[in-house]
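Okay, so here's the structure we're looking at.
The values are calculated or read from the model by the stated rules, or taken from the named source; none is laboratory data. Quick caveat: nothing in here was measured; it's all calculated off a predicted structure. Glycine also receives a Cβ, built like all others from the backbone with ideal geometry; neighbour counts cover every protein chain displayed. With ligands, DNA and RNA removed, areas are computed over all heavy atoms of the protein, side chains included. Shrake-Rupley method; radii C 1.70, N 1.55, O 1.52, S 1.80 Å.
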Amino acid sequence: MYWMDAIWIIAIASLVGISGAIVGAFLVLRRMSMLGDAISHSVLFGIVAAFLLTSSRSVPVMLIGAGLVGLLTAWLTDFLHRRGQLQEDASIGVVFTWLFALGVILIAAFAGQVDLDQECVLYGEIAFAPFDTWVVGGQDIGPRAFWILLGVTALNFLMLAVGHRPLKTVAFSPAFAASIGISVTFWHYLLMSMVSLTTVASFDAVGAILVVAMIVVPANTAFMVSKSLKGMLVGAMGVAVASAVLGYFLAAWLNGSIAAAVAMVAGGFFVVTLLFVGRDSVLARARQRRRQRQQAATPAA
Amino acid sequence: MGQLFLEFWRLDDPNVVWVLAGAVLLGGAAGVIGVFAFLQKRALIGDALAHAALPGVATAFILFQTRELEVILAGAVVSCALGILAIDYLVDHTRIKPDSALAIVLSVFFAFGAFEMTHIQQMPVGNQAGLDKLLFGQAAALTADDVRVLGIVAALILVVAALLFDRFRVVIFDRGFARAIGMPVRFYDFLLSTLLVLAVVIGLQLAGVVLMAAVILTPAAAARYWSNRLGLIVILAGLFGVIAGIVGANVSYIAPRMPTGPWMVMAITAIFFVSLFAAPERGLYARWRRRARLRRRVAEENVLRTLFKLGEGGDQRRWAGVNEILRYRSLSPVALGRVLRRLEAEGHLEHADDRWRLSGAGLERARAITRRHRLWELYLTRQVELSPDQVHDDAEAVEHLLTPEMERALAEELGTPEADPHGQAIPADNPRAGG
Amino acid sequence: MSEAPLSVRDLTVSYQHKPVLWDVDFAIPEGRTAAIIGPNGAGKSTLLKAVMGFVQPASGEIRFFGDTLEARRSLVAYVPQRSEVDWDFPISVMDTVLMGRYGRLPLLGRPRAADREAARRALEKVGMLEFAERQISQLSGGQQQRVFIARALAQEASLYLMDEPFAGVDVATEKAIVELLKELRAEGKTVVVVHHDLSTVGDYFEHVVLLNMRLVAAGPIEEAFTPETLNKTYGGRLGMLSEVAERVREYGLDERTG
């Protein structure tokens, strides 16, 4: 059933986008986009290590491994920055490349046992996701990736429901947040955990780089035109879902990678917004400049 | 394994020579240019550029249907250049923050490239094995031609960096000044970006897209711990890069299954962590030791000063019991015992049973310390208007840090005083120490 | 006599790349508006950050109404420097001010009508009610500062700590803030302001804390704000202190030794 697969794929890509939009909005506002990139790479080590330690590819093991390594990445980065007195971006770069390299080496060393390779980590292949289904009580309930992502998306919404106010306050002004008794550290590490979980759940389907795209691109697109955090979140989710749908058809039409097409469409939304939408768009500002020039040119009455 | 190691270093196998040469050239050039990016606070730009190269690689292949290295690399250079322009545009002209600009360019460019790659797979010419090599880094597949290109570009980078070292330093350190003296700042920016793009592009074959960031950045981050001089940092970063290259090439020869890039990164990260902990001055261990040594010295000096005070006005070298000392110092008896024994070993104290006294040398040192302490106390009361009882604690924390020059300046400013705020005599400057 | 809203005892802070505070000791009496003044790098903002617990002091004790900050948090409102936040943040003026109420909301509670009312009142006091729905990026510097102060007002605290509220604001905003200070004083609130303009200290404040790494003087304006203390604060006579501060930093002395 071709159309059934299509629906599953679009649903999976949409969930990646929605989850990415939620964590992405806060990462972007906290200027930590590259930490998202870092975590999405270093979780590879988490997955491999968890698998080698437990010989299990079960979902909870994978999520716990990834979650721990995500926290490790955030903590190590912070350690190098504070104690090692290294620039923040440099700390990020040192840590994630190291953990990613470790992951790749482990995969090479245990090539026979680990069912993962660099390529699938970078690209992912969402087209195959519908075939890896979950059977519960003899009943095929659909793709595994879908259910995992649904769970992670629910967790992200839970975080949003419970914590949108402290998260917003911490993102806006950590000093003020601390002054009214909000624990900046707690919400930071909670967010990092959710970034790790989102990444690892999306891994199989869309690959590391495209998770990064879904975390930063819709959130930044919405950031350019939003007046409120709520608007930014809704806008980012909207862009993400629209990218998932359009991306799927673009890939089907041109016969290319679906995940890449979704990210490309998201990039398209970003560029269009940058150029044409809102008061700060390139177009609006060009118009304003022209008007100013004209006003300057016409002699005062 | 030892066998293979020797075989590697006999360099009989031409392949070994190529891989080694490639890794060394790349490590050196990327390490050097990475320092400039690091100091421009653009440590992660290498990461973004490595990803941005992909669509150029794929487009060049689709357009020209060739795997000729020069063509593919030219494509990579073009798309990297577009990537860097896009990042600069977003940062300079929009609300997008620098970190997001990097992440957006990185992921969207990569998506384009990835999409093209899936397209290439289905093309009739279809053999994209050569392109994969560029993505994930496979040093073993380097040919003489590859290394020739790599070598020329690496040499170019090193020569330009060496020739324009001073200019780059000024532009990075103080843009405003550079502009004020009429330097073409934007031209140097452009040149630095170009060198960086070149380093990234030649590095892809060896290190791969993801790990290229480390080859650029980590040597610089490691070298920064060893020196404050840019020249030395650049040389060290280049050297670290070269070492990483050698390790990577070595490992992937001994264990062919092992990829070169990740082992280069492991080597360079190991160097980084060694630097972080062990570098003199800026390393964590050095900083920790400096603090510990100071704490020890403070404890010693305080005990010496206490003994000096106990003997003041009478026998300067009188015996004092442990309990007597403890009355003046808030130390645990065990800690005090340690300090006393250390002072004895240094020849500053003598002891008989449970009683201690200053040695000749100890007396000299105690006098100097007491002088500094009382001068500082006096300074604080006179110049900062603190009451004498407020002053005492503070003088104690700081006096151990006063240099001889500061001490002289203090004495001068205070008009060579004779008594401290508590009315105690300030010992004269030790004539033998010079003053 | 009730406990002082803010008392600082023996506060010593050593701080990476930033100045050091030594043994600072003062108390602000209730109902006063106080200025913390001193030259650049004297540690004024560091003092405020240490008071709020953002910077770990090496030693010392800070009390709010005789208790810890944790216990008295609801009585304390802090206004950070304007430059500390990203004004591109997608948030409206109203929502920014509502943040002032977050401290008293339960974890899952939503701001109620009473909270909105408090936010509206605060905005009205700073003359910004008409901008309530505006996004903060569309405000001038002075308007941004007023929003920050409105947020603090919405906290309905008893002690207000403001970090350089007069820095880079227009005349109208400066006037508005001064009016506000008067109003707060009339309500019996205590206000502590980091200030840099010596010429206005006498007009705006009743109490000063003169700081240059050490406390030079603290007390009512007429006693503490004298040519002599000013000379001590701003004159070059403390050169040795900064030199020692440099040494302390070199050694990374985080705590008291000895």
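Quick look at the values:
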{"quantity": "Boolean, A:Val217 is closer than 29 Å to C:Met99 by Cα and buried (at least 24 other Cβ atoms within 10 Å of the Cβ)", "calculated": "yes"}
{"quantity": "Tabulated pairs, the range A:151-177, first more than 22 Å from A:Gly17 (Cβ to Cβ) and part of a helix (DSSP H, G or I), second basic (Lys, Arg) and open to solvent by less than 10 Å² (accessible area, probe 1.4 Å), C-beta under 9 angstrom, 6+ apart or interchain", "calculated": "A:Phe176/C:Arg151"}
{"quantity": "Residue, surrounded by the fewest Cβ atoms within 10 Å (Cβ to Cβ), within the range B:352-371, restricted to residues that are farther than 15 Å from B:Gly337 by Cβ and in contact with a Leu (Cβ under 8 Å, 6 or more places away or on another chain)", "calculated": "B:Ser359"}
{"quantity": "Cross-chain or 6+ apart pairs with Cβ under 6 Å, the range A:215-228 first and within 11 Å of chain C (Cβ to nearest Cβ) and modelled with pLDDT under 95, then in a helix (DSSP H, G or I) and open to solvent by 10 Å² or more (accessible area, probe 1.4 Å)", "calculated": "A:Met224/A:Thr273; A:Ser226/A:Gly235"}
{"quantity": "Residue selected from the range C:78-99 under the condition within 8 Å of chain A (Cβ to nearest Cβ) and more than 23 Å from A:Ala219 (Cβ to Cβ), by the criterion surrounded by the most Cβ atoms within 10 Å (Cβ to Cβ)", "calculated": "C:Tyr78"}
{"quantity": "Residues satisfying the stated conditions in the range B:52-93, i.e. open to solvent by 80 Å² or more (accessible area, probe 1.4 Å) and either in contact with an Asp or Glu (Cβ under 7 Å, 6 or more places away or on another chain) or among the aromatic types (Phe, Trp, Tyr) (or both)", "calculated": "B:Phe64, B:Tyr89"}
{"quantity": "Some residue of the range B:221-239 being away from chain A (no Cβ under 13 Å), outside any helix (DSSP H, G or I) and without any contact (Cβ under 8 Å) to a residue 12 or more places away in the chain", "calculated": "yes"}
{"quantity": "Members of the range A:229-262 that are closer than 22 Å to A:Leu275 by Cβ and within 10 Å of chain B (Cβ to nearest Cβ)", "calculated": "A:Gly247, A:Leu250, A:Ala261, A:Val262"}
{"quantity": "Test set (1) open to solvent by 80 Å² or more (accessible area, probe 1.4 Å); (2) under 26 Å from B:Arg229 (Cα atoms); (3) assigned to a helix (DSSP H, G or I); (4) not polar (S, T, N, Q) - B:Glu281 fails condition number", "calculated": "(3)"}
{"quantity": "Meets criteria (touching a His at 6+ places or on another chain (Cβ under 8 Å) and either open to solvent by 70 Å² or more (accessible area, probe 1.4 Å) or over 20 Å from B:Ala101 (Cβ atoms) (or both)) for A:Leu254", "calculated": "yes"}
{"quantity": "Test for B:Val339: is it within 14 Å of chain C (Cβ to nearest Cβ), in contact with a helix residue (DSSP H, G or I) (Cβ under 7 Å, 6 or more places away or on another chain) and modelled with pLDDT of 85 or more", "calculated": "yes"}
{"quantity": "Index of the failed condition, B:Val159 passing every other in (1) β-branched (Val, Ile, Thr); (2) modelled with pLDDT under 90; (3) open to solvent by 10 Å² or more (accessible area, probe 1.4 Å)", "calculated": "(2)"}
{"quantity": "Test: residue in the range A:196-208 that is within 29 Å of C:Ile136 (Cα to Cα), in contact with a Phe, Trp or Tyr (Cβ under 9 Å, 6 or more places away or on another chain) and assigned to a helix (DSSP H, G or I)", "calculated": "no"}
{"quantity": "Filter result for A:Leu158 (more than 14 Å from chain B (Cβ to nearest Cβ), farther than 23 Å from A:Ile10 by Cβ, at pLDDT 85 or above and within 19 Å of the chain's Cα centre (by Cα))", "calculated": "yes"}
{"quantity": "Boolean, B:Leu349 is surrounded by 14 or more Cβ atoms within 10 Å (Cβ to Cβ), at pLDDT 85 or above, in the same structural domain as B:Ala368 (by TED's automatic domain parsing) and over 19 Å from B:Ala292 (Cβ atoms)", "calculated": "yes"}
{"quantity": "Residue that is under 24 Å from B:Ala428 (Cα atoms) and touching a residue at least 24 places away in the same chain (Cβ under 8 Å), where the choices are B:Leu307, B:Leu340, B:Leu336", "calculated": "B:Leu307"}
{"quantity": "Within the range C:134-143, tally of residues that are more than 15 Å from A:Lys168 (Cβ to Cβ) and within 12 Å of chain A (Cβ to nearest Cβ)", "calculated": "3"}
{"quantity": "Selection within the range B:1-49 - assigned to a loop (DSSP other than H, G, I, E, B) and over 20 Å from B:Arg148 (Cβ atoms)", "calculated": "B:Met1, B:Asp12, B:Gln40, B:Lys41, B:Arg42, B:Ala43, B:Leu44"}
{"quantity": "Meets criteria (over 27 Å from A:Leu160 (Cβ atoms), among the charged types (D, E, K, R), away from chain A (no Cβ under 14 Å) and in a helix (DSSP H, G or I)) for C:Glu179", "calculated": "yes"}
{"quantity": "Test result for B:Val303, modelled with pLDDT under 85, in contact with a helix residue (DSSP H, G or I) (Cβ under 7 Å, 6 or more places away or on another chain), surrounded by 15 or more Cβ atoms within 10 Å (Cβ to Cβ) and not in a loop (DSSP other than H, G, I, E, B)", "calculated": "no"}
{"quantity": "Answer residue from the range C:112-142, given it is open to solvent by less than 30 Å² (accessible area, probe 1.4 Å), out of contact with any Gly (no Cβ under 7 Å at 6 or more places or on another chain) and not hydrophobic (A, V, I, L, M, F, W, C) and is nearest to C:Leu69 (Cα to Cα) among those", "calculated": "C:Asp115"}
{"quantity": "Some residue of the range B:183-193 being outside any loop (DSSP other than H, G, I, E, B) and under 23 Å from B:Leu206 (Cβ atoms)", "calculated": "yes"}
{"quantity": "Qualifying positions in the range C:105-133 - at the interface with chain A (Cβ under 9 Å from one of its Cβ atoms) and either among the aliphatic types (A, V, I, L, M) or assigned to a helix (DSSP H, G or I) (or both)", "calculated": "C:Leu105, C:Leu107, C:Leu108"}
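Residue-wise test of (1) more than 24 Å from A:Gly93 (Cβ to Cβ); (2) open to solvent by 20 Å² or more (accessible area, probe 1.4 Å).
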position: B:Arg169; (1), (2): no, yes
position: B:Phe187; (1), (2): yes, yes
position: B:Val200; (1), (2): no, no
position: B:Ile216; (1), (2): no, no
